[in-house]
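Accompanying notes for the structure given below.
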Amino acid sequence: MLLGAFLMIYPLLWLVVSSFRPADEIFRHSGLFITHLDFENYTSGWNALARPFQSYLMNSAILVIGAIIGNLFSCSLAAYAFARLEFRGKKWMFGAMLLTIMIPIHVIIVPQYIFFSRLDLINTFVPLLLPKFLATDSFFVFLMVQFIRGIPRELDEAARVDGAGHPRIFLKIILPLMTPALAATAIFTFIWTWNDFFSALIFLTDADVQTVPVALRSFIDASGSSNFGGMFAMSIVSLFPVFLVFLFGQKYLVKGIATTGLK
């Protein structure tokens with residue numbers, strides 16, 4: 001297992017080591033040993049693109065925060081409706097929602113682009129954030145529905161006897177108890193949104209609003225020289241937020257997934 005783990009993590013270790021090597025020596029060595037640390041890739045890569053790299057980090061942070069808020073807000077409301085409310089066509093709607101999980105992004109990206117282009121919203125964060133506030137991430141809705149179904153209905157009935165309606169039951173009882181599911185949703189949303197390249201490449205073509213994945217792609221020039229040293233260095237910088245979120249949120253992630261679907 002240790003050997004297999006080393007083989008899996010070797011490319012990442014090589015990326016870290018190569019970010020401290022001079023650009024002309026990166027592909028000359030495949031080992032993990034370096035004679036001296038060279039921070040030139042970090043200093044040059046930070047200002048190598050049209051904007052300083054902190055602007056791309058800020059764009060990704062804004063997009064991630066908005067996506068997390070949108071998913072937590074809309075998916076929790078939709079999950080409560082599917083798990084606790086009774087209305088006509090509930091089973092069919094829930095099944096249709098689950099079917100959308102199997103639809104690849106490439107199928108809907110063209111009509112989405114046409115729609116937002118006619119609204120003159122290309123090169124804004126709206127095309128990437130608006131769907132998050134409409135509970136379009138069916139995976140998280142399903143995750144929360146399964147979690148809510150595991151919460152005893154007796155708690156709802158006791159609150160209803162005290163005169164509480166659905167809004168109060170949701171805010172005072174259900175929402176505090178589904179913290180693990182909310183934490184798992186936030187972590188998954190952070191990782192997927194931070195690493196999203198395809199959607200950002202389609203909707204964000206202006207350098208002022210580009211995110212980290214698109215900026216990293218800009219280091220590679222198909223028709224000329226490519227700044228691999230700067231790209232490796234900025235890749236390490238972009239990995240730090242994901243690493244920290246996973247490190248400190250791992251227990252909530254495991255708890256949220258492990259306690260889902262017990263009923």
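Only the coordinates and a few stated rules stand behind these numbers; no lab work does. Quantities reported herein were computed from a predicted structural model and do not represent experimental measurements. Note that we place each Cβ from the backbone using ideal geometry, even for glycine, and neighbour counts take in every protein chain shown.
Each Cα pair under 8 Å and six or more residues apart adds its separation to the average, and for the chain the resulting relative contact order is 32 percent. For the chain, a Gaussian network of Cα nodes joined below 10 Å ranks ALA78, ALA50, ALA183 by mean-square fluctuation, and the top entry is ALA50.
In the chain, the calculated helix contribution to ellipticity at 222 nm averages -20000 deg cm²/dmol per residue, counting -39,500 (n - 2.57) for every DSSP H run with n ≥ 4. Positive contributions from Lys and Arg (+1) and negative ones from Asp and Glu (-1), summed over other residues with Cβ under 13 Å from the Cβ of ALA158, come out at 0. A cut-off under 14 angstrom between Cβ atoms defines the neighbours of ASP206, and their net charge, with Lys, Arg +1 and Asp, Glu -1, is -1.
Can you give me the angle between helix 179-194 and the longest principal axis of the chain, using Cα atoms only, in degrees from 0 to 90, rounded to the nearest 10? For helix 179-194, the angle is close to 30 degrees. Oblate is the label for region 52-111, because the ratio a/c of its alpha-carbon gyration tensor axes (a ≥ b ≥ c) is 1.5 or higher and a/b is not greater than b/c. Against the main long axis of the alpha-carbon atoms of the chain, helix 105-118 sits at an angle near 90°. Angle, helix 2-18 long axis vs. longest principal axis of the chain, Cα atoms, 0 to 90°, nearest 10? The angle comes out near 60 degrees.
Please give the per residue volume of the convex hull enclosing the alpha carbon atoms of region 51-258, rounded to a whole number of Å³. Walk me through the intermediate numbers first.
On the way: hull volume 30.9 nm³, N = 208.
Taking only Cα atoms, region 51-258 has a hull volume of 148 Å³ per residue.
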